[in-house]
Amino acid sequence: MKNKLIFIKQSFCFSKWENKNYSIFRSLGKVIKISTLGLGYVLISIPTSVFAQTDTVKINEVKIEALSIPVSYTETNRIVTVITKEEIEYAPVQSITDLLEYSLNVDVRQRGMFGVQSDISIRGGSFDQILILLNGVKINDPQTGHHNFNLPVDLSDIEKIEILEGAGAREFGPNAFSGAINIITKQSYKNNIKLRFTEGEHNLHSSSISGTIKNGKLSQQISLNKKLSKGYIKNTDFDEFNTFYQADYSIKENTKLNFQAGYNNKSFGANSFYTPAYPDQYEQTKTYFSSAKLTTGEKVKISPSIYWRRHQDRFELFRYEPASWYKNHNYHLTNVIGAKANFNFKSKFGKTAIGFDINQESIYSNVLGENLDDTLTVPGEKDGFFTKHSTRQNTSIFINQNKQLKKFSLSGGLLTNWNSVFGISYSPGVDVGYYISDNLKAFTSYNQAIRLPTFTDLYYVGPTNIGNSDLKPEFAETIEFGLKYSSNKYIANAAIFHRKGTNIIDWVRKSDTLKWESHNLTTLNTSGFEISNKFIFDKNSYLKSIRLDYSFLTITKQSEEYISKYSLDYLKHKVSVSINHKIYKNLSAFWKISYQDREGTYTNFNTGLEADYTPFTLGDLRIMYSKKLYKLYIEASNLTNKEYIDIANINMPGRWIKGGVIINLDL
């Protein structure tokens, strides 16, 4: 029997039972880390002897914090993957985007390593069709999804990552079209200092320091990170700096104030990022972010918050010797400022969340928007001027309801959004779960979602691209069926889904034209199947954990006369394997292997012909020596030195070896 695992070394007693098949899910109160797993491997036979016998095992439920009604993993009627603190610490990666590369049905297409610039999508959607949250606060960039992961946090700051698959507009508002990713930072309530240093090939240097100061009711944390490299080929160098601060103040019982603020500054050689015709591109981005949230109330929990994100970008088509016709760099400055409130309460009808989210998105640019009456100087750029501007407002009102009825788990809701440019839209949804047994749950869901055009979709005009100011929002209906299985030693899930998209926005061109234009495609139908498994063994075993994931996608469209730049370039098959095992005493190894088979074609710059994406397999390895006060590690990405591309004509690096130390000091 191949069951998956979670074991705690303590004994627990259960004091209350409701005489229902699913009572275990309600009677347990502690929190553990769990990951979603694929039910499809339930038929794989694994000898029971590989699992250690523990005393009394208690499965504690991890809370999914991104939802308007935070619920346990088993209460959710959708696929949710949680990347835990332990997985983050041992993974052979150096950035958040590298970590997501191995997640179920997540497509990471990188233009440069270590998160220099990455396009992230879920379930075959585009990089503009997912919502990114930092501690539950939306941080998408309205200019373009290319900038969504210019985050003011480093991988070492992260406690866990929640990946919610499928339409989430009724929970989060517009742009949670195919999924959402919530990044949750570490919160320590004891004084400590943590240092991390990494050195590697291609003159890679990375260092970070973080600390926590606890003084009575106030807990403060700050981190700083510096990362740079000369690059693996010409014009792939980068230099990045992050700083992040968060504070928690307990005003009184049931009343807490949280504040967070961060800054990211990134400069990098953008070799062929947007067109191989001009390989010596260069870019610098700056991200500022802050939010404040008050949580209060007992019977009715009230959570008002305010947030602000500012992003500045300078793009140079020619880093070194500009052509005679080249006049100006591209300058952009976006601001998103908003306020949100969530009201949670319980009644005989179940758990209810009611709230609103109001924000304004604006851009100043010399490329995107409507013409300004007067030019404005770009902050920090003496030779840069803004000549264009655009702004729009969003107001969302939502209600969500959860209810447990014997073996049934019901949830549903409606979000109404008004946009000053695109008018009113509605995003309803309903999820139903049924506990077949204590361990097995079936679920189904139906949800609608919209995605607003970015400012780039609407306005960009360049050497190879033409925007379209008449674009309409995208719309999708998604239906899903799935199973979740959980026992003391094995947790798994499997799902099939279908998404019907209309007015889908994509950059397309006809075979006899060279420029890409943004258009609303008629329809785009996405169907998929996924399974995920994770096994965790006893701490004294040679094997510590094994995770196996597989996803399959197929996408069809009506507008066959167009060649698609993004929508039809998707991962048809993705297989991910993670293995953590002991080598000797405190020495362990963590392997990550991924096979990717991408559908779609691209125009080969050297031949001028359409070429298929070639499937590839990547392997990463970290070997770590762990002690209480420090950890030493050496790792290698792309172990087999495989030549591959994620995005047309951009060659990714071969084998890259790094080593480092992590020091943890409790004060």
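Being loosely packed, with under 15 Cβ neighbours inside 10 Å and either in contact (Cβ under 8 Å) with a residue 12 or more places away in the chain or closer than 29 Å to residue 480 by Cα (or both) holds for only one residue in 603, 556, 607, and it is 556.
Here residue 428 passes the criteria (1) under 27 Å from residue 535 (Cβ atoms); (2) surrounded by fewer than 21 Cβ atoms within 10 Å (Cβ to Cβ) except the one numbered (1). Go through the range 599-617 residue by residue and tally those that are modelled with pLDDT of 95 or more and in a strand (DSSP E or B). Qualifying residue count for the region: 2. Scanning the range 472-507 for residues that are in a strand (DSSP E or B) and touching a Leu at 6+ places or on another chain (Cβ under 7 Å) turns up 483, 485, 491, 492, 493, 494, 501, 504, 505, 506. In the range 338-355, the residue that is farthest from the chain's Cα centre (by Cα) out of those that are in a strand (DSSP E or B) and of a type in the set (Lys, Arg) is 346. Among residues of the range 121-138 that are on the phi > 0 side of the Ramachandran plot and buried (at least 24 other Cβ atoms within 10 Å of the Cβ), those with a beta-carbon under 9 Å from a residue that is among the β-branched types (Val, Ile, Thr) and assigned to a strand (DSSP E or B) at least six positions away or on a different chain give the pairs 123/106; 123/478; 123/526; 124/526; 124/554; 124/555. Looking at the range 560-577, can you tell me whether even one residue there is at pLDDT below 85, of a type outside the set (A, V, I, L, M), under 26 Å from residue 644 (Cβ atoms) and in a strand (DSSP E or B)? Taking every residue of the range 560-577 in turn, at least one turns out to be at pLDDT below 85, of a type outside the set (A, V, I, L, M), under 26 Å from residue 644 (Cβ atoms) and in a strand (DSSP E or B). Based on this model, can you work out whether residue 456 counts as more than 30 Å from residue 529 (Cα to Cα), out of contact with any Cys (no Cβ under 9 Å at 6 or more places or on another chain) and in a strand (DSSP E or B)? The answer is no for residue 456.
Does at least one position in the range 368-379 carry a residue that is over 30 Å from residue 281 (Cα atoms), aliphatic (A, V, I, L, M), in contact with a strand residue (DSSP E or B) (Cβ under 9 Å, 6 or more places away or on another chain) and modelled with pLDDT of 95 or more? Looking for residues that are over 30 Å from residue 281 (Cα atoms), aliphatic (A, V, I, L, M), in contact with a strand residue (DSSP E or B) (Cβ under 9 Å, 6 or more places away or on another chain) and modelled with pLDDT of 95 or more, one finds none in the range 368-379, hence no. Considering (1) within 11 Å of the chain's Cα centre (by Cα); (2) within 20 Å of residue 649 (Cβ to Cβ); (3) surrounded by fewer than 24 Cβ atoms within 10 Å (Cβ to Cβ), the lone condition that residue 117 does not fulfil carries the number (1).
Among the conditions (1) closer than 30 Å to residue 298 by Cβ; (2) assigned to a strand (DSSP E or B), the only one that residue 189 does not satisfy is (2).
Hey, among the residues in the range 83-113 that are under 14 Å from residue 545 (Cβ atoms) and of a type in the set (Val, Ile, Thr), which one's nearest to the chain's Cα centre (by Cα)? Out of the qualifying residues, it is 83. Of the residues making up the range 310-337, those that are touching a residue at least 60 places away in the same chain (Cβ under 8 Å), in a strand (DSSP E or B) and either farther than 16 Å from residue 379 by Cα or of a type in the set (Phe, Trp, Tyr) (or both) number 1.
If you check 382, 301 for being surrounded by fewer than 20 Cβ atoms within 10 Å (Cβ to Cβ) and under 23 Å from residue 264 (Cα atoms), only one passes: 382. Considered as a group, the residues in the range 508-538 that are touching a residue at least 60 places away in the same chain (Cβ under 8 Å) and in a loop (DSSP other than H, G, I, E, B) include one that is farthest from the chain's Cα centre (by Cα), and that residue is 538. Looking at 314, 309, just one residue is touching a His at 6+ places or on another chain (Cβ under 7 Å) and of a type in the set (Lys, Arg), and that residue is 314.
Considering (1) surrounded by 19 or more Cβ atoms within 10 Å (Cβ to Cβ); (2) within 23 Å of the chain's Cα centre (by Cα), the lone condition that residue 310 does not fulfil carries the number (1). Does the range 368-379 hold any residues that are farther than 11 Å from residue 390 by Cα and either touching a residue at least 40 places away in the same chain (Cβ under 8 Å) or of a type in the set (Val, Ile, Thr) (or both), and which are they? Matches in the range 368-379: 375, 377, 378, 379.
How many residues are surrounded by fewer than 16 Cβ atoms within 10 Å (Cβ to Cβ) and closer than 30 Å to residue 516 by Cα when one looks only at the range 570-594?
Residues in the range 570-594 being surrounded by fewer than 16 Cβ atoms within 10 Å (Cβ to Cβ) and closer than 30 Å to residue 516 by Cα: 1 in total.
For the range 229-239, the count of residues that are on the phi < 0 side of the Ramachandran plot, over 23 Å from the mean Cα position of the chain (by Cα) and assigned to a strand (DSSP E or B) is at least one. For beta carbons closer than 6 Å, sequence separation of 6+ or different chains, a first residue in the range 338-355 that is under 16 Å from residue 67 (Cα atoms) and a second that is basic (Lys, Arg) and surrounded by 13 or more Cβ atoms within 10 Å (Cβ to Cβ), the qualifying pairs are 344/301; 350/403.
Residue-by-condition table, conditions (1) buried (at least 17 other Cβ atoms within 10 Å of the Cβ); (2) at pLDDT 95 or above:
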| site | (1), (2) |
| --- | --- |
| 175 | yes, no |
| 190 | no, no |
| 195 | no, yes |
| 203 | no, yes |
| 215 | no, no |
| 240 | yes, yes |
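The set of residues in the range 464-497 being farther than 29 Å from residue 523 by Cα and either of a type in the set (A, V, I, L, M) or modelled with pLDDT of 95 or more (or both) consists of 491, 492. Residues of the range 268-304 that are among the small types (Gly, Ala, Ser) and over 26 Å from residue 507 (Cβ atoms): 290, 291, 292, 297, 303. The number of residues in the range 424-450 that are in contact with a helix residue (DSSP H, G or I) (Cβ under 9 Å, 6 or more places away or on another chain) and of a type in the set (Asp, Glu) comes to 1. Here residue 57 passes the criteria (1) surrounded by fewer than 23 Cβ atoms within 10 Å (Cβ to Cβ); (2) at pLDDT 85 or above; (3) in a loop (DSSP other than H, G, I, E, B); (4) of a type in the set (A, V, I, L, M, F, W, C) except the one numbered (2).
The values are calculated or read from the model by the stated rules, or taken from the named source; none is laboratory data. It should be emphasised that the depicted structure is a prediction, and the values quoted were computed from it without experimental measurement. Using ideal geometry, Cβ is built from the backbone for each residue, glycine included, and neighbour counts are taken over all protein chains shown.
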